[in-house]
Amino acid sequence: METFSWQDKDADGNKVIYEAQHFGGWWQLMVAPKVGRSMRDEVEFSPADFTEEIWQALRDHLWRKYQRRRVSWDMVQHIDDILAGKAVNERRDRRKK
(Lines give C-alpha, C1' and ligand atoms only; values in the text may rest on other atoms or scores of the structure.)
Protein backbone atom coordinates (compact mmCIF):
# COMPACT_ATOMS: atom_id res chain seq x y z
CA MET A 1 0.00 0.00 0.00
CA GLU A 2 1.27 3.43 -0.90
CA THR A 3 0.04 6.56 0.85
CA PHE A 4 0.18 10.11 -0.48
CA SER A 5 -0.85 13.17 1.50
CA TRP A 6 -1.24 16.85 0.73
CA GLN A 7 -2.86 19.95 2.23
CA ASP A 8 -5.71 21.93 0.74
CA LYS A 9 -8.75 23.93 1.80
CA ASP A 10 -12.23 22.49 2.05
CA ALA A 11 -15.46 24.14 0.86
CA ASP A 12 -15.64 26.25 4.05
CA GLY A 13 -12.09 27.55 3.63
CA ASN A 14 -10.62 25.49 6.48
CA LYS A 15 -7.27 23.78 6.00
CA VAL A 16 -7.49 20.00 5.71
CA ILE A 17 -5.09 17.17 5.05
CA TYR A 18 -6.00 14.67 2.34
CA GLU A 19 -4.50 11.21 2.40
CA ALA A 20 -4.92 8.95 -0.63
CA GLN A 21 -4.04 5.28 -0.29
CA HIS A 22 -3.38 3.09 -3.33
CA PHE A 23 -3.65 -0.66 -3.02
CA GLY A 24 -4.39 -3.23 -5.69
CA GLY A 25 -5.33 -0.67 -8.33
CA TRP A 26 -7.87 0.99 -6.02
CA TRP A 27 -7.69 4.44 -4.42
CA GLN A 28 -9.16 5.29 -1.03
CA LEU A 29 -9.39 8.86 0.26
CA MET A 30 -9.19 9.99 3.87
CA VAL A 31 -9.48 13.54 5.19
CA ALA A 32 -8.65 15.22 8.51
CA PRO A 33 -8.57 18.80 9.74
CA LYS A 34 -5.19 20.48 9.87
CA VAL A 35 -4.07 20.86 13.46
CA GLY A 36 -0.97 22.06 15.25
CA ARG A 37 1.96 19.91 16.29
CA SER A 38 0.72 19.38 19.81
CA MET A 39 -2.51 17.73 18.58
CA ARG A 40 -1.09 15.90 15.56
CA ASP A 41 -1.18 12.48 17.27
CA GLU A 42 -4.82 12.89 18.25
CA VAL A 43 -6.22 13.71 14.80
CA GLU A 44 -8.39 11.04 13.20
CA PHE A 45 -8.80 10.62 9.47
CA SER A 46 -12.29 9.93 8.16
CA PRO A 47 -13.24 8.42 4.79
CA ALA A 48 -14.19 10.86 2.05
CA ASP A 49 -15.49 10.71 -1.51
CA PHE A 50 -13.42 11.72 -4.49
CA THR A 51 -14.54 14.75 -6.47
CA GLU A 52 -13.08 15.86 -9.76
CA GLU A 53 -11.12 18.60 -7.98
CA ILE A 54 -9.61 16.07 -5.57
CA TRP A 55 -8.74 13.70 -8.43
CA GLN A 56 -7.01 16.62 -10.17
CA ALA A 57 -5.13 17.57 -6.99
CA LEU A 58 -4.00 13.95 -6.56
CA ARG A 59 -2.92 13.84 -10.19
CA ASP A 60 -0.87 17.02 -9.78
CA HIS A 61 0.69 15.64 -6.59
CA LEU A 62 1.62 12.38 -8.33
CA TRP A 63 2.94 14.26 -11.37
CA ARG A 64 5.41 16.16 -9.20
CA LYS A 65 6.49 12.89 -7.58
CA TYR A 66 6.84 11.24 -11.00
CA GLN A 67 9.18 14.01 -12.14
CA ARG A 68 11.43 13.18 -9.17
CA ARG A 69 11.10 9.44 -9.95
CA ARG A 70 9.19 8.70 -6.75
CA VAL A 71 6.16 7.03 -8.42
CA SER A 72 5.65 5.11 -11.64
CA TRP A 73 4.03 6.51 -14.76
CA ASP A 74 1.28 3.88 -14.44
CA MET A 75 -0.13 5.65 -11.37
CA VAL A 76 -0.29 9.00 -13.17
CA GLN A 77 -1.82 7.34 -16.24
CA HIS A 78 -4.45 5.59 -14.11
CA ILE A 79 -5.57 8.92 -12.64
CA ASP A 80 -5.66 10.41 -16.17
CA ASP A 81 -7.86 7.51 -17.28
CA ILE A 82 -10.21 8.03 -14.34
CA LEU A 83 -10.48 11.75 -15.11
CA ALA A 84 -11.16 10.98 -18.79
CA GLY A 85 -13.81 8.38 -17.92
CA LYS A 86 -11.83 5.47 -19.36
CA ALA A 87 -11.36 3.75 -15.99
CA VAL A 88 -13.21 3.51 -12.71
CA ASN A 89 -11.98 3.42 -9.15
CA GLU A 90 -13.33 0.16 -7.76
CA ARG A 91 -12.16 -2.57 -5.47
CA ARG A 92 -11.32 -5.66 -7.45
CA ASP A 93 -12.31 -8.04 -4.67
CA ARG A 94 -15.86 -6.64 -4.61
CA ARG A 95 -16.62 -6.60 -8.34
CA LYS A 96 -19.94 -8.01 -9.35
CA LYS A 97 -19.76 -10.69 -11.99
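The values are calculated or read from the model by the stated rules, or taken from the named source; none is laboratory data. Computed from a prediction, not measured in an experiment: that's the story for all the values here. For neighbour counting, all protein chains shown are included, and Cβ atoms are generated from backbone atoms with ideal geometry for every residue, glycine included. Surface areas here come from the heavy atoms of the whole protein model, side chains and all, with no ligands, DNA or RNA. Shrake-Rupley method; radii C 1.70, N 1.55, O 1.52, S 1.80 Å.
On the accessible surface of the chain, probed at 1.4 Å, how many percent belong to carbon and sulfur atoms?
Solvent-exposed carbon and sulfur of the chain make up 44 percent of the total.
Between the helical axis of 52-67 and the dominant principal axis of the chain, each derived from Cα atoms, what acute angle in degrees is found, rounded to the nearest 10? The angle comes out near 80 degrees. Shown here are the Rg and Dmax of the Cα trace of the chain, at 14.4, 48 Å. Full extension of the chain between residue 51 and residue 34 yields a length gain of 4.2 nm, computed as 0.36 nm times the residue separation minus the alpha carbon distance. The GluC sites (Glu not before Pro) of segment 1-72 that DSSP puts in a loop, and whose beta carbon has at most 15 other beta carbons within 10 Å, are 44. Each Lys and Arg Cβ is given +1 and each Asp and Glu Cβ -1; about its Cα centre, segment 1-42 then shows a dipole of about 160 debye. Ranked from largest to smallest solvent-accessible area, with a 1.4 Å probe on the protein heavy atoms, 50, 4, 45, 23 come out as 23, 45, 50, 4. Using the 1.4 Å probe convention, the accessible area of the chain works out to 75 Å² per residue with neighbouring protein chains retained.
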